[in-house]
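A.B. asks: One structure, pasted below without further comment.
The values are calculated or read from the model by the stated rules, or taken from the named source; none is laboratory data. The structure displayed is predicted, hence computed values, not measured ones. No Cβ is skipped: glycine too gets one built from the backbone with ideal geometry, and neighbour counts run over all protein chains shown. Note: areas computed on protein heavy atoms with side chains; ligands, DNA, RNA excluded. Shrake-Rupley method; radii C 1.70, N 1.55, O 1.52, S 1.80 Å.
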Number of protein chains: 2
Amino acid sequence: MSGKLYGIGVGPGDPELLTLKAVRLIGECDVIAYPAPADGTESMARKIAAPHIPANKTELAIETPMVPGQFPANDVYDRYAIEIGDHLNAGRDVAVLCEGDPFLYGSFMYLFGRLATSHDTDVIPGVSSLGACAARAGQPLVSRNQVLSVVPAPLDEADLEARIVTADAVAIMKVGRHLEKVRRVLAKLGRLDNAIYVERATLDDEKVMPLMNLDGDRAPYFSMILARRAEAVDA
Amino acid sequence: MSGKLYGIGVGPGDPELLTLKAVRLIGECDVIAYPAPADGTESMARKIAAPHIPANKTELAIETPMVPGQFPANDVYDRYAIEIGDHLNAGRDVAVLCEGDPFLYGSFMYLFGRLATSHDTDVIPGVSSLGACAARAGQPLVSRNQVLSVVPAPLDEADLEARIVTADAVAIMKVGRHLEKVRRVLAKLGRLDNAIYVERATLDDEKVMPLMNLDGDRAPYFSMILARRAEAVDA
């Protein structure tokens, strides 16, 4: 009998923000897989879930070489889909740990696309970086009938501006080396004053500050900028 | 010494999708508050968290009269903010349970706006309906550098169209009696074929189907439509 594949959201960073379901399934699955840098440094998803991973599990690091401005090559996921498929075919349940929520910019979707049609698969939603950053910033994302746009910072400048101008509130993801560009766009649209910068939300070394107070021209990958129209801020 | 106010996301419906932190704080707080219909019917947030609420807690139903097309009156929240403030001033910790995530269209933000400046407050993010609906639909929300717009269905038709046309993927919330309007807009934009309807995600009576297969002209409040550009669907 074939095993089952689980894509499990482990939340934004605080190990206490795992769901009960994530903890139970991590305990029950035979194989625990997680994305990891190809340079052998620690997997963020594994680190978040570490307190809940029993010692006797088979672990599989899905090593994806990260080149700035590029997405991992298809052949990397082809290869890991075969390896995970072998576990499933041998009757082993496999949990793939995902930072935040599996289906919000999560790399799990590439494995899902390769395995879900041929294997029993369940996706377990997790606390996303969106809700976590808003919570830590102490600023609601959207209320009433406001529109929220979730916009990746790597978009080119004109595109970024066009996407932000129509939204009541924006969450700008994947800031990284695009910080200066994001600053320029927000300044042009009059949204710089209200923008909040959140780095490594819910982790011990979290940073939360007005974007105006942030020095430098780049930010880590795990950072987000929340910017609302001035008139969209709740009374 | 004053008590602490917690806004606690209890997730989309499955009680196993509460976070460990939500469960711990519900156990520790002295007062458990939750939004509830004014007609005495059951509170959704309380129902989700019910397996985790100890029997000895003081409970407070925040009864908000719901009139279609209107938001609850400010005086309702003024009144409950005073009642919760009294508990806090008496040294009692108060947990306000919130469906999904507290800061994504959650009514907790009205209490937060009234109490957070004067009382120690912490917001605990929860699994949002966004991630839950995508997980249950088996369809990623966004990947790579795609833009996601979260759009409330009550917007007028032209506005709804303008917000949807620029996004790679949209999550249309609060469908309710706006179903026909949403169908017209998606049809006009060529996005009806790919649209998925999700009702009461992760609950026992959940419904997931192509929007094309949904009969009728209205949907419950706890429903969502996910619609992506055809070319935005992952290979």
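A.B. asks: I need the full set of residues from segment A:103-143 which are facing another protein chain (nearest Cβ under 7 Å) and not hydrophobic (A, V, I, L, M, F, W, C), in order please.
C.D. replies: Result: A:Tyr105, A:Gly113, A:Pro125, A:Gly126, A:Ser128, A:Gly131, A:Gly138, A:Pro140, A:Ser143.
A.B. asks: With respect to A:Ser107, determine if the residue is among the hydroxyl-bearing types (Ser, Thr, Tyr), within 20 Å of B:Leu17 (Cα to Cα) and either open to solvent by 30 Å² or more (accessible area, probe 1.4 Å) or not assigned by TED's automatic domain parsing to the domain that holds A:Met209 (or both).
C.D. replies: The answer is no for A:Ser107.
A.B. asks: If you don't mind, another one. Being open to solvent by 40 Å² or more (accessible area, probe 1.4 Å) and part of a strand (DSSP E or B) narrows it down to one of A:Glu59, A:Glu16, so name that one.
C.D. replies: A:Glu59
A.B. asks: Just to be sure I understand the filter: pairs with C-beta atoms under 7 Å, separated by 6 or more residues or on different chains, first member in segment B:74-99 and among the aromatic types (Phe, Trp, Tyr), second member modelled with pLDDT of 95 or more. Which pairs pass?
C.D. replies: Correct list of pairs: B:Tyr77/B:Leu111; B:Tyr77/B:Arg114; B:Tyr80/B:Ile62; B:Tyr80/B:Leu111.
A.B. asks: Hey, another quick one. Test B:Asp217 against the stated conditions and say whether it is surrounded by fewer than 23 Cβ atoms within 10 Å (Cβ to Cβ) and outside any helix (DSSP H, G or I).
C.D. replies: yes
A.B. asks: Which of (1) open to solvent by 20 Å² or more (accessible area, probe 1.4 Å); (2) aliphatic (A, V, I, L, M); (3) without any contact (Cβ under 8 Å) to a residue 24 or more places away in the chain is the odd one out, the single condition A:Val165 does not satisfy?
C.D. replies: (3)
A.B. asks: Return yes when B:Asp86 is exposed (fewer than 14 other Cβ atoms within 10 Å of the Cβ) and either in a loop (DSSP other than H, G, I, E, B) or modelled with pLDDT under 95 (or both) and no when it is not. Outline the logic, then answer.
C.D. replies: Details: exposed (fewer than 14 other Cβ atoms within 10 Å of the Cβ): yes; either in a loop (DSSP other than H, G, I, E, B) or modelled with pLDDT under 95 (or both): no.
No, not satisfied.
A.B. asks: Quick one: A:Ala167 ticks every box in (1) within 9 Å of another protein chain (Cβ to nearest Cβ); (2) under 25 Å from A:Leu214 (Cα atoms); (3) over 17 Å from the mean Cα position of the chain (by Cα); (4) modelled with pLDDT of 95 or more bar one, so which box is it?
C.D. replies: In the conditions (1) within 9 Å of another protein chain (Cβ to nearest Cβ); (2) under 25 Å from A:Leu214 (Cα atoms); (3) over 17 Å from the mean Cα position of the chain (by Cα); (4) modelled with pLDDT of 95 or more, A:Ala167 misses (4) alone.
A.B. asks: Could you please give the count of residues in segment B:57-115 that are within 22 Å of B:Lys174 (Cα to Cα) and of a type in the set (D, E, K, R)?
C.D. replies: So the count comes out to 3.
A.B. asks: Looking only at segment A:19-42, count every residue that is assigned to a strand (DSSP E or B), open to solvent by less than 40 Å² (accessible area, probe 1.4 Å) and more than 9 Å from chain B (Cβ to nearest Cβ) and tell me the total. Before the answer, list the steps.
C.D. replies: Taking segment A:19-42 as the starting set, the residues that turn out to be assigned to a strand (DSSP E or B) are A:19, A:31-37.
Narrowing the set further to residues that are open to solvent by less than 40 Å² (accessible area, probe 1.4 Å) leaves A:19, A:31-36.
Narrowing further to those that are more than 9 Å from chain B (Cβ to nearest Cβ): A:31-36.
Residues flagged as assigned to a strand (DSSP E or B), open to solvent by less than 40 Å² (accessible area, probe 1.4 Å) and more than 9 Å from chain B (Cβ to nearest Cβ) within segment A:19-42 amount to 6.
A.B. asks: Can I ask one more? Determine whether B:Asp78 is away from chain A (no Cβ under 14 Å) and out of contact with any Pro (no Cβ under 6 Å at 6 or more places or on another chain).
C.D. replies: No: the conditions fail for B:Asp78.
A.B. asks: To continue, here is another question. Return yes or no: is B:Ser118 in contact (Cβ under 8 Å) with a residue 12 or more places away in the chain, of a type in the set (Ser, Thr, Tyr) and surrounded by fewer than 22 Cβ atoms within 10 Å (Cβ to Cβ)?
C.D. replies: The answer is yes for B:Ser118.
A.B. asks: Follow-up. Residue under question is A:Val151, and the condition is that it be surrounded by 22 or more Cβ atoms within 10 Å (Cβ to Cβ) and either in the same structural domain as A:Pro220 (by TED's automatic domain parsing) or charged (D, E, K, R) (or both); does it hold? Give the steps one after another, and end with the answer.
C.D. replies: Working: surrounded by 22 or more Cβ atoms within 10 Å (Cβ to Cβ): yes; either in the same structural domain as A:Pro220 (by TED's automatic domain parsing) or charged (D, E, K, R) (or both): yes.
Yes: the conditions hold for A:Val151.
A.B. asks: Kindly evaluate A:Leu104 against the criterion of being within 26 Å of A:Ala50 (Cβ to Cβ) and in contact (Cβ under 8 Å) with a residue 24 or more places away in the chain.
C.D. replies: Against the criterion (within 26 Å of A:Ala50 (Cβ to Cβ) and in contact (Cβ under 8 Å) with a residue 24 or more places away in the chain), A:Leu104 qualifies.
A.B. asks: Here is a follow-up. Being under 19 Å from A:Leu141 (Cα atoms) and either in contact with an Asp or Glu (Cβ under 8 Å, 6 or more places away or on another chain) or assigned to a loop (DSSP other than H, G, I, E, B) (or both) is the requirement here; does A:Ala171 meet it? I'd like the intermediate steps shown before the answer.
C.D. replies: Details: under 19 Å from A:Leu141 (Cα atoms): yes; either in contact with an Asp or Glu (Cβ under 8 Å, 6 or more places away or on another chain) or assigned to a loop (DSSP other than H, G, I, E, B) (or both): no.
Judged against the criteria, A:Ala171 is not a match.
A.B. asks: With respect to A:Val142, is the statement that it is modelled with pLDDT under 95, open to solvent by 10 Å² or more (accessible area, probe 1.4 Å) and not assigned by TED's automatic domain parsing to the domain that holds A:Arg92 true?
C.D. replies: Here the answer is no, as A:Val142 does not meet what is asked.
A.B. asks: If you check A:Ala45, A:Ala158, A:Ala134, which single one turns out to be touching a Pro at 6+ places or on another chain (Cβ under 7 Å), over 30 Å from B:Leu111 (Cα atoms) and not aromatic (Phe, Trp, Tyr)?
C.D. replies: On the way: A:Ala158 fails: touching a Pro at 6+ places or on another chain (Cβ under 7 Å); A:Ala134 fails: over 30 Å from B:Leu111 (Cα atoms).
A:Ala45 is the lone residue from the list that is touching a Pro at 6+ places or on another chain (Cβ under 7 Å), over 30 Å from B:Leu111 (Cα atoms) and not aromatic (Phe, Trp, Tyr).
Here's the yes/no breakdown for (1) of a type outside the set (S, T, N, Q); (2) touching a strand residue (DSSP E or B) at 6+ places or on another chain (Cβ under 6 Å); (3) part of a loop (DSSP other than H, G, I, E, B):
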{"residue": "A:Leu97", "(1), (2), (3)": "yes, yes, no"}
{"residue": "A:Pro102", "(1), (2), (3)": "yes, yes, yes"}
{"residue": "A:Gly113", "(1), (2), (3)": "yes, no, no"}
{"residue": "A:Gly126", "(1), (2), (3)": "yes, yes, yes"}
{"residue": "A:Val151", "(1), (2), (3)": "yes, yes, no"}
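A.B. asks: Go through B:Thr41, B:Thr58 for me and flag whichever is free of Cβ contacts under 8 Å to residues at least 24 places away in the same chain and hydroxyl-bearing (Ser, Thr, Tyr).
C.D. replies: Step by step, each of B:Thr41, B:Thr58 is checked, and only B:Thr41 is free of Cβ contacts under 8 Å to residues at least 24 places away in the same chain and hydroxyl-bearing (Ser, Thr, Tyr).
A.B. asks: Inside segment B:186-203, can you point out the residues that are in contact with a Gly (Cβ under 9 Å, 6 or more places away or on another chain) and open to solvent by 50 Å² or more (accessible area, probe 1.4 Å)?
C.D. replies: Correct list: B:Arg200 only.
A.B. asks: Oh, and also: Identify the single condition in (1) more than 30 Å from B:Lys57 (Cβ to Cβ); (2) without any contact (Cβ under 8 Å) to a residue 12 or more places away in the chain that B:Pro154 does not satisfy, given that it satisfies every other one.
C.D. replies: In the conditions (1) more than 30 Å from B:Lys57 (Cβ to Cβ); (2) without any contact (Cβ under 8 Å) to a residue 12 or more places away in the chain, B:Pro154 misses (2) alone.
A.B. asks: Among (1) in a helix (DSSP H, G or I); (2) farther than 23 Å from B:Thr19 by Cβ; (3) touching a strand residue (DSSP E or B) at 6+ places or on another chain (Cβ under 8 Å), there is one condition B:Val208 misses while meeting the rest; what is its number?
C.D. replies: (1)
A.B. asks: Yes or no: segment A:175-182 includes at least one residue that is within 30 Å of A:Ala95 (Cα to Cα) and part of a loop (DSSP other than H, G, I, E, B).
C.D. replies: Step one: filter segment A:175-182 for residues within 30 Å of A:Ala95 (Cα to Cα), giving A:175-176.
Then drop every residue that is not part of a loop (DSSP other than H, G, I, E, B), which leaves A:175.
Looking for residues that are within 30 Å of A:Ala95 (Cα to Cα) and part of a loop (DSSP other than H, G, I, E, B), one finds at least one in segment A:175-182, hence yes.
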